[in-house]
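Nothing in this text is a laboratory measurement; each read-out follows from the coordinates by a stated rule. Here the structure is a predicted model, which is why all the values come from computation and not from measurement. Heads up, the Cβs are rebuilt from the backbone with ideal geometry, glycines too, and the neighbour counts pull from every protein chain shown.
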Amino acid sequence: MTDQPKSIVILTGAGISAESGIDTFRDAGGLWEKHQVEDVATPEGFARDPDLVLGFYDLRRAALGKVHPNEAHRALARLEREFPGELLLVTQNVDDLHERGGSDRVLHMHGELKSALCQSCGIRTPWDAAMSNRPPCPVCQAPTLRPDVVWFGEMPYQMERIYAALSQCDLFVSIGTSGAVYPAAGFVQDARAARAATLELNLEPSEGTHHFTEARHGPAGELVPQWVDEVLGG
Ligand code: OAD
């Protein structure tokens with residue numbers, strides 16, 4: 001790995017929030033074992049049964065009140081404060097644990113549970129309450145809010161900014177993600193094309209582990225603080 005990276009892109013996934021008590025998607029007992037992806041995470045599922053989908057995300061949003069950021073979230077916030085170079089933190093997570101762990105600049109490429117997207121006016125609004133009771137959009141008053149979460153078949157947010165950062169970084173770090181969902185799963189190859197070093201920090205080898213120049217396996221709550229200490233020089 002580069003000894004002193006100048007520009008780092010970090011991608012996080014559900015595994016970084018696992019030790020906080022949020023279910024991952026594809027591990028045993030994960031969300032996609034309990035729910036059908038096509039029912040709760042596609043535009044077609046929402047059109048078929050909006051009550052089911054709004055209720056699913058209402059429960060997940062409410063559950064955020066019972067969990068707390070862990071050492072891995074806090075370590076990345078410390079990196080944001082103390083790293084002197086360029087840093088882009090991209091998360092696939094829709095929880096707010098990076099922000100509550102102290103990170104100020106988080107790019108939520110798959111959207112956020114605590115945000116509403118109005119299907120009438122297209123405006124995104126911070127949202128903490130339920131949506132299944134069809135509240136009016138605070139901007140246009142139409143009762144057409146949906147979770148501001150990117151579903152399968154939809155375009156993740158801010159891809160141009162992410163690709164620009166990947167093309168200029170000298171270190172890409174993937175934390176707690178299975179490498180099963182594109183485009184995020186392909187970031188490691190984009191970073192390698194830019195000659196960046198690539199590091200995987202995950203509980204176990206991900207699907208794309210062989211693409212990384214280095215992989216460390218264990219819980220994020222241990223691996224991430226260790227790695228941040230290394231980058232910041234102890
Ligand atoms: P997954 O559930 O697919 O993968 C979670 C990864 O975290 C697995 O590789 C686990 O081994 C690892 N893991 C579990 N506990 C860990 C721990 N304590 N420390 C470190 N790693 C741990 O979740 P994602 O990769 O985030 O998209 O899933 C990607 C996308 O698929 C999600 O954003 C979501 C989902 O469908 C949409 O909903 C669009």
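Taking the charge dipole of the chain about its Cα centre, with +1 at Lys and Arg Cβ atoms and -1 at Asp and Glu Cβ atoms, the residue from Ala129, Ser178, Phe83 reaching farthest to the positive side is Ala129. Label reach from Gln4 (point 7 Å along Cα→C-beta): in the range 195-225, amide nitrogens under 20 Å belong to 196-198. Please say if the range 176-221 is rounded, prolate or oblate, where rounded means a/c under 1.5 for a ≥ b ≥ c the square roots of the C-alpha gyration tensor eigenvalues, and otherwise the choice is prolate for a/b larger than b/c and oblate otherwise? In terms of gyration-tensor shape, oblate.
Can you compute the charge dipole magnitude of the chain about its Cα centre, using +1 on each Lys and Arg Cβ and -1 on each Asp and Glu Cβ, nothing else charged? Give it in debye, rounded to the nearest 20.
Using Cβ point charges on Lys, Arg, Asp and Glu, the chain gives about 500 debye.
Annotation: extensible slack from Ala28 through Ala63 equals 10.6 nm (criterion: 0.36 nm per residue apart, minus Cα-Cα distance).
Dividing the summed helix terms, -39500 (n - 2.57) for each DSSP H run of n ≥ 4, by the number of residues in the chain produces a 222 nm estimate of -9000 deg cm²/dmol to the nearest 500. Proximity of backbone amide H atoms, modeled 1.01 Å from N, is registered between Ser115 and Trp127, Asp148 at under 5 Å, excluding neighbours fewer than 5 places apart on the same chain. Ordered by the count of other Cβ atoms within 10 Å of each Cβ, fewest first, Val9, Val181 give Val181, Val9.
By the gyration tensor of its Cα atoms, with a ≥ b ≥ c the square roots of the eigenvalues, what is the shape of the range 17-91: rounded for a/c under 1.5, prolate for a/b over b/c, or oblate?
On the way: a/c = 2.55, a/b = 2.08, b/c = 1.23.
It is prolate, given that a/c is not under 1.5 and a/b is the larger ratio.
If the segment from Gln158 to Val139 were pulled out straight at 0.36 nm per residue, it would be longer than the present Cα-Cα gap by 4.5 nm. Taking 4.7 Å between C-beta atoms as the pairing limit, the chain has these partnerless cysteines: Cys169. Neighbour counting of Cβ atoms within 10 Å sorts the residues Phe56, Phe187, Phe152, fewest neighbours leading, into Phe152, Phe56, Phe187.
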